[in-house]
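Beneath this line is the structure, given in structure tokens, with notes to follow.
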Amino acid sequence: MVMTHERARSHGALTFLGGAGTVTGSKFLVESPRGQRVLVDCGLFQGLGELRRRNWRPLPLDARDIDAVVITHAHLDHCGYLPALVNHGFRGPVYATGDTAQLAAIVLKDSAHLMAEDARHANEHGWSKHRPALPLYTAEDAELAISRFHTARFGEHVEVAPGVELLFHNAGHILGSSWVSLDLAGRHPHRLVVSGDLGRPGHPLFRPADPYDDADTVLIESTYGDRAHEVEHVGERLAEVIRRTASRGGSLLIPAFAVDRTEVILHELSRLLSAERIPRLPVYVDSPMALAALDIYRKALTSRCDQLSPQLLDREDDPFDTGAIVEARTREESQRLNDPAMPSIIISASGMATGGRVLHHLERMAPDPRHTILLVGFAAAGTRARSLLDGARTLKMHGRYIPVRAEVVELPGFSAHADADDLLSWLRAGREPDTVFVVHGEPSASATLRDRIAEELGWTAVVPTMDEHVRL
């Protein structure tokens, strides 16, 4: 519970309502020395059933008592709980960069739609234990949440609540992504930095993250806190997979996050096709959300968004156009892809195969050994993508099990996340804070990064527990 006694209020406090001991559901409640409450990120829990059930539990405070919300970027595990928060009574402003606000509007409406579809399907086919199955939130809740957004530019100082000043910095993860600093005024002023998700220095679309400089407390993500990315030859490995699959008459199914991962894959496919490294197969983008996000990325190119890399801005052609893209917007167009008539590449959401159109393609394609399922992003514990990585021979979808005979390939080199070395380099650029809290990672990843921070930097580093409350 949030501390309210005078000593805690004079210093401020921090409560970890998500993203602690897990890589999903990021929610960090900041209480300023003057008693203002700001929630940094408002993410949805995904993956393991125990975590997903947390989405239905009430927060340990009244949502009406939260003064403002700050969103670092538009992925569901950082913004997907917003409609539920609004449903519980939150009526304050939601601060984000302009591109994050545009992308989050797409993500939240799609999330509400999928929840409604899942509930309808469960009720029609009886595979849920809930009678009736209900969505966590509705399309109306999503629209209300979207109406709360207030936008700010990178480097613009914004007072989000009395005595709480916000500054967005480029995180280089996805379009609009930021790490944030909050200056808390009071008898004991305090600067809190929250990393959000940091991008890789070599991201093909974005400039590297702005360096961290100064803070009293730092929250740093640890998605890849226990590993380093293999970035060499990732394009050639993709080309090999495509050629091998096509040679046996199969198709390539790529579960991809609709925001950013789809754009990165299209960018690489365009490069490989231009170099004639892969056969000219039809490329289906089967996700209305991904297509809407692609439009926003293209607008950012047209407006010469300074978050984009100079190499991307210098191009005169469309870096996402493979010359063979087929947009699958309707349900009927999507269904026709379940049995590809010829070798093709299908990019479909969601990236961790937790929902969306990709599930129907998996049901039809996973049993066929001609096909390949290519995993290009982080897969949280309890998701179907993680099960595939772990060698599952069956997958449960829509209440029944299907066999997995297709080839399963992982290419983590396409990740948009900083790895452990990148995270340490980002921290090393700034002065030592009082405490570094290692968040947004699975337990082994967070513990490994914590130990490296302590051993290599000599700083105090802690992996917080869910619902833990600390004084600043």
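The values are calculated or read from the model by the stated rules, or taken from the named source; none is laboratory data. Here the structure is a predicted model, which means the values were calculated and not measured. Note: ideal-geometry Cβ built from the backbone for every residue, glycine included; neighbour counts use all protein chains shown.
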Looking only at region 213-229, decide whether some residue is among the small types (G, A, S) and modelled with pLDDT under 95.
-> yes
State the number of residues belonging to region 281-290 that are at pLDDT below 90 and touching an Asp or Glu at 6+ places or on another chain (Cβ under 6 Å).
-> 1
Of the listed residues (A84, A8), the one being at pLDDT below 95 and not in a loop (DSSP other than H, G, I, E, B) is A8
Given the structure, is L51 outside any loop (DSSP other than H, G, I, E, B), touching a Gly at 6+ places or on another chain (Cβ under 7 Å) and not aromatic (F, W, Y)?
-> yes
Based on what the data block shows, is S334 at pLDDT below 85, of a type in the set (S, T, N, Q) and farther than 20 Å from V241 by Cα?
-> yes
Answer yes if at least one residue in region 336-354 is surrounded by 23 or more Cβ atoms within 10 Å (Cβ to Cβ) and at positive phi, and no otherwise.
-> yes
Complete set of residues in region 323-335 that are touching a helix residue (DSSP H, G or I) at 6+ places or on another chain (Cβ under 8 Å) and either crowded, with 23+ Cβ neighbours inside 10 Å or not in a helix (DSSP H, G or I) (or both) | G323, A324, I325, E327, A328, R329
Kindly check whether there is at least one residue in region 261-284 that is without any contact (Cβ under 8 Å) to a residue 40 or more places away in the chain, of a type outside the set (K, R), outside the structural domain of L182 (by TED's automatic domain parsing) and on the phi > 0 side of the Ramachandran plot.
-> yes
A74 being out of contact with any strand residue (DSSP E or B) (no Cβ under 7 Å at 6 or more places or on another chain) and over 28 Å from L192 (Cβ atoms) = no
Tell me, yes or no, whether region 169-189 has at least one residue that is free of Cβ contacts under 8 Å to residues at least 12 places away in the same chain and outside the structural domain of Y297 (by TED's automatic domain parsing).
-> no
The helices (runs of 4 or more DSSP H) lying wholly within region 247-314 that contain at least 2 residues that are within 21 Å of A379 (Cα to Cα) are 261-274, 288-302
Any residue in region 455-469 that's acidic (D, E): show its pairings with residues that are surrounded by fewer than 16 Cβ atoms within 10 Å (Cβ to Cβ) at Cβ separation under 8 Å, as long as the two are six or more apart or on different chains.
-> D467/P60
Of residues in region 55-78 being touching a residue at least 40 places away in the same chain (Cβ under 8 Å) and not hydrophobic (A, V, I, L, M, F, W, C), the one nearest to L219 (Cα to Cα) | T72
What are the residues in region 11-44 that are at pLDDT 95 or above, part of a loop (DSSP other than H, G, I, E, B) and not polar (S, T, N, Q), if any?
-> G19, A20, G25, D41, C42, G43, L44
Picked from region 66-81 (must be of a type outside the set (A, V, I, L, M, F, W, C) and assigned to a loop (DSSP other than H, G, I, E, B)), the residue surrounded by the most Cβ atoms within 10 Å (Cβ to Cβ) is Y81
Confirm whether V241 is part of a strand (DSSP E or B), more than 16 Å from the chain's Cα centre (by Cα) and modelled with pLDDT of 95 or more.
-> no
